[in-house]
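Here's the structure we're looking at; comments come further down.
The values are calculated or read from the model by the stated rules, or taken from the named source; none is laboratory data. Just so we're clear, the structure is a prediction, and the values are computed from it rather than from any experiment. Counting neighbours? That spans all protein chains shown, and the Cβs are built from the backbone with ideal geometry, glycine included.
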Amino acid sequence: MAENPDLLQSLPHVPEPVISGQAPLGAPATGSAWGKSPSTRDAREFLSGPLSRTSELLRIGRIGMEFLRGFRSLHFVGPCITVFGSARFEPGHMYYELARQVGAKIAGLGLTTMTGGGPGIMEAANRGAKEAGGRSIGCNIILPFEQKPNPYVDQFVDFRYFFVRKVMLVKYSYGFVILPGGFGTLDEFFEVITLVQTKKVDRFPLVLVGRKYWEPLIEFMKCRLIDGRTINPEDIDLFSVTDSPDEVESMLWQGVEESAIRQKAAPRRKWFLGE
């Protein structure tokens, strides 16, 4: 894969991830609070151990309804590329601008850009897609310090449970682009690569963007995971690394062609289902 060492230098530069406004430790760095802090109680209770049979049965119903709402909302969004990354990079930061270019490239392929719908990298990818005339989707997880949806999404869906949201982000996507981020981004990356490694999903493009940021993690995989025989040497080839939006576009297009999604019949709306 050709390297493009001059690309990041050509982008607007901010020395390190800048968090403006001195946000409190642990709070997202951009946007205004959405005022949904009590809304995660049900998810916390769900993971707190055995509860009454009645409450567990009711929770199964709520989880089922959340899946159903997600399926109905996203059934017609078209083939998506999901972009993961930190909520903490503001406009002007090199990673924000890089994600914005990636969103535009995805739109240029005729694909829908899907993100978590929040600020930072998510906003940048949605923004790039929107500015390029593409479709832009946000799948939000309700958290104690949640953000308003960024203004560049055409459709926005809230989810209470992380696992329901993850299913939606994988189910409708034919490729994944992972830009620099924190715990959530790492969780999403390893969730997806595990699904590919264990053949629970077909192999699709999985692209890490920001070579300098990801190199220490890749070295850890090589020196600890491969050397420790916890993964196979060929598992390191399940993803690609680049700094170039053009290379991202090329990798995604190859994956789109290989998955033959263009031959897949688009779902038809049923009027009697209120679609």
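Figures for the structure shown
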{"read-out": "Some residue of the range 64-72 being among the acidic types (Asp, Glu) and either within 19 Å of residue 162 (Cα to Cα) or part of a helix (DSSP H, G or I) (or both)", "value": "yes"}
{"read-out": "Those strands (runs of 3 or more DSSP E) lying entirely in the range 133-188 with at least 1 residues touching a residue at least 60 places away in the same chain (Cβ under 8 Å) and aromatic (Phe, Trp, Tyr)", "value": "155-159, 173-178"}
{"read-out": "Check on residue 106, in contact with a strand residue (DSSP E or B) (Cβ under 9 Å, 6 or more places away or on another chain), of a type in the set (Val, Ile, Thr) and either over 19 Å from residue 174 (Cα atoms) or modelled with pLDDT of 95 or more (or both)", "value": "yes"}
{"read-out": "Any hit, the range 194-205, residues being modelled with pLDDT of 95 or more, of a type outside the set (Gly, Ala, Ser), within 11 Å of the chain's Cα centre (by Cα) and within 29 Å of residue 42 (Cβ to Cβ)", "value": "no"}
{"read-out": "Search result, residues across the range 79-94 that are among the aliphatic types (A, V, I, L, M) and either assigned to a strand (DSSP E or B) or within 20 Å of residue 148 (Cβ to Cβ) (or both)", "value": "81, 83, 87"}
{"read-out": "Which numbered condition residue 52 misses (of (1) within 30 Å of residue 270 (Cα to Cα); (2) out of contact with any Gly (no Cβ under 7 Å at 6 or more places or on another chain))", "value": "(1)"}
{"read-out": "Those residues of the range 247-271 which are part of a helix (DSSP H, G or I) and modelled with pLDDT of 80 or more, in sequence order", "value": "247, 248, 249, 250, 251, 252, 253, 254, 271"}
{"read-out": "Filter result for the condition that a residue is in a loop (DSSP other than H, G, I, E, B) and of a type in the set (A, V, I, L, M), over 236, 231", "value": "231"}
{"read-out": "Failed condition for residue 55, given (1) out of contact with any strand residue (DSSP E or B) (no Cβ under 9 Å at 6 or more places or on another chain); (2) over 28 Å from residue 243 (Cα atoms); (3) in contact (Cβ under 8 Å) with a residue 12 or more places away in the chain", "value": "(3)"}
{"read-out": "Residues that are closer than 17 Å to residue 179 by Cβ and not in a loop (DSSP other than H, G, I, E, B), drawn from the range 116-132", "value": "121, 122, 123, 124, 125, 126, 127, 128, 129"}
